[in-house]
Amino acid sequence: MEYTLKCFGEIVPITTEDNIKLVPITEDLSEKIYDMYQEIPYEEKFQDVNIANGMSHDTFRKYCALLELAEQNILLSYIEQQIAHFVLFDGDYPIGWFSLRVEDLNKSYLHSGHIGYTIRPSKRKQGYATKGLTQVLQLAKALGYKQVCITTDDQNIPSQNLIAKFGFRPFPADSERQKITKSVYHGMSQYYLDL
């Protein structure tokens, strides 16, 4: 199956084997994905903080509107970096979120990497992270990224196994990127994949 995905003003074809696809987060999507964001804990070992957990429906709707503006390169004084946010759907059911930061390796965001992801706890260990990351990598390549980076906790073995399956390799310990990552996020490392 092929579908198109809009990201950073570009329309990109994405191929998937099934009915699992990425959908950009918009204010209009907020009701459909609210429960997923509430299921993902605010803070959990090895994961990004889910600031949307515990938000009221109205506040979450506004949060989704901000995420939509971040992808459009609006409000950068607030968000600070252009990031596209997506929800991975299996049919009509929201499974998890993925993000792709604009490719700009010369910014001070060297510690963050390009790709972020979290799968809702009830859907983990079912292959959804693999399917979502496959699509994000297709998107990045179509947008002209030559290399993508992911930052992960040194103790997060499932995430390390996932990215290793795709061929991600750790930056050398003495590289500037790894030093910056370690200084900002203690106990985390950054991995890269040439596309």
Which condition number does M188 fail, the rest of (1) in contact with an Asp or Glu (Cβ under 6 Å, 6 or more places away or on another chain); (2) surrounded by fewer than 18 Cβ atoms within 10 Å (Cβ to Cβ) being met? (2)
Among the residues of segment 180-194, write down those that are under 20 Å from the mean Cα position of the chain (by Cα) and polar (S, T, N, Q). T181, S189, Q190
Quickly run through segment 125-171 and pick out the residues that are modelled with pLDDT under 95, in contact with a Gly (Cβ under 9 Å, 6 or more places away or on another chain) and over 16 Å from Y192 (Cα atoms). Q155
So in segment 83-97, with the set limited to residues that are farther than 14 Å from L29 by Cα and at pLDDT below 95, which one is surrounded by the most Cβ atoms within 10 Å (Cβ to Cβ)? A84
With the requirement that a residue be under 16 Å from L100 (Cβ atoms), among the β-branched types (V, I, T) and surrounded by fewer than 16 Cβ atoms within 10 Å (Cβ to Cβ), what does segment 1-16 give you? T4, I11
Residues being touching a residue at least 40 places away in the same chain (Cβ under 8 Å), of a type outside the set (D, E, K, R) and within 25 Å of G127 (Cβ to Cβ): count how many of those fall in segment 159-195. 6
Can you list residue pairs whose Cβ atoms sit under 6 Å apart, with the first residue in segment 60-80 being of a type in the set (S, T, N, Q) and the second being modelled with pLDDT under 85? Count only pairs 6 or more apart in sequence or on different chains. N73/Q82
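Where in segment 104-195 are the helices (runs of 4 or more DSSP H), entirely inside, with at least 3 residues that are over 23 Å from H85 (Cβ atoms)? Explain how you work it out, then say what you get.
Working: elements: 128-142, 157-165, 176-184.
In segment 104-195, the matching helices (runs of 4 or more DSSP H) lie at 157-165, 176-184.
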Residue in segment 135-149 that is basic (K, R), surrounded by 12 or more Cβ atoms within 10 Å (Cβ to Cβ), out of contact with any helix residue (DSSP H, G or I) (no Cβ under 8 Å at 6 or more places or on another chain) and without any contact (Cβ under 8 Å) to a residue 24 or more places away in the chain present: no
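The values are calculated or read from the model by the stated rules, or taken from the named source; none is laboratory data. All values reported here derive from a predicted model rather than from experimental measurement. Cβ atoms come from the backbone with ideal geometry, glycine included; neighbour counts cover every protein chain shown.
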